[in-house]
Amino acid sequence: SSETFWTTTGMFPQEFMIGFPKCVKISKVAIQCYLVRTLRIERSVSKDPVGFEQCIEKDLQHTEGQLQMEEFPLPDFQATYLRFIIKSAFDHFVSVHRVMAEGT
């Protein structure tokens, strides 16, 4: 829902995790967020959310008054869990409005 979002509690790093019912192939991940400075995405292919490995770490552009929209192409990528770690921000609080994963 575009009316809802996840917000941090004011200290960094902050993280959230997305789990899939089974290991899936992902070709692209996109995120819409606000005031995120540094974002890391990790994956796990385990049945349980353990054994994460770093896939992407990126410094995002500051977009005053607008959502940041970032896409990350992930060729030949599989995951059961994705962990998003917000390492730093442009303010004390940030928000995540949408996360999309494309694949099969």
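With a 1.4 Å probe and all protein chains left in place, how much accessible area per residue does segment 1-88 have, in Å²? If you can, show how the numbers build up before the last one.
Values: 5360 Å² over 88 residues.
Result: 61 Å² of accessible area for each residue.
How much of the accessible area of the chain, in percent, comes from carbon and sulfur atoms when a 1.4 Å probe is used?
Roughly 50 percent, rounded to a whole number.
To the nearest µm²/s, what D does Stokes-Einstein give for segment 22-104 at 37 °C and 0.692 mPa s, using the Kirkwood radius over alpha carbon pairs as Rh? Present the calculation step by step, with values, prior to reporting the outcome.
Values: Rh = 13.3 Å.
Answer, rounded: 247 µm²/s.
Determine the gain in length on full extension of the stretch VAL24-GLU102; use 0.36 nm per residue of separation and subtract their C-alpha separation, reporting nm with one decimal. Spell out each step's value before the answer.
Working: separation 78, 0.36 × 78 = 28.08 nm, distance 0.99 nm.
That works out to 27.1 nm of additional length.
Can you pull the one-decimal nm distance between simple spin-label points at HIS92 and HIS62, each 7 Å off the Cα toward Cβ?
1.7
The values are calculated or read from the model by the stated rules, or taken from the named source; none is laboratory data. Note that this is a predicted model, so its numbers are computed, not measured. Heads up, the Cβs are rebuilt from the backbone with ideal geometry, glycines too, and the neighbour counts pull from every protein chain shown. Note: areas computed on protein heavy atoms with side chains; ligands, DNA, RNA excluded. Shrake-Rupley method; radii C 1.70, N 1.55, O 1.52, S 1.80 Å.
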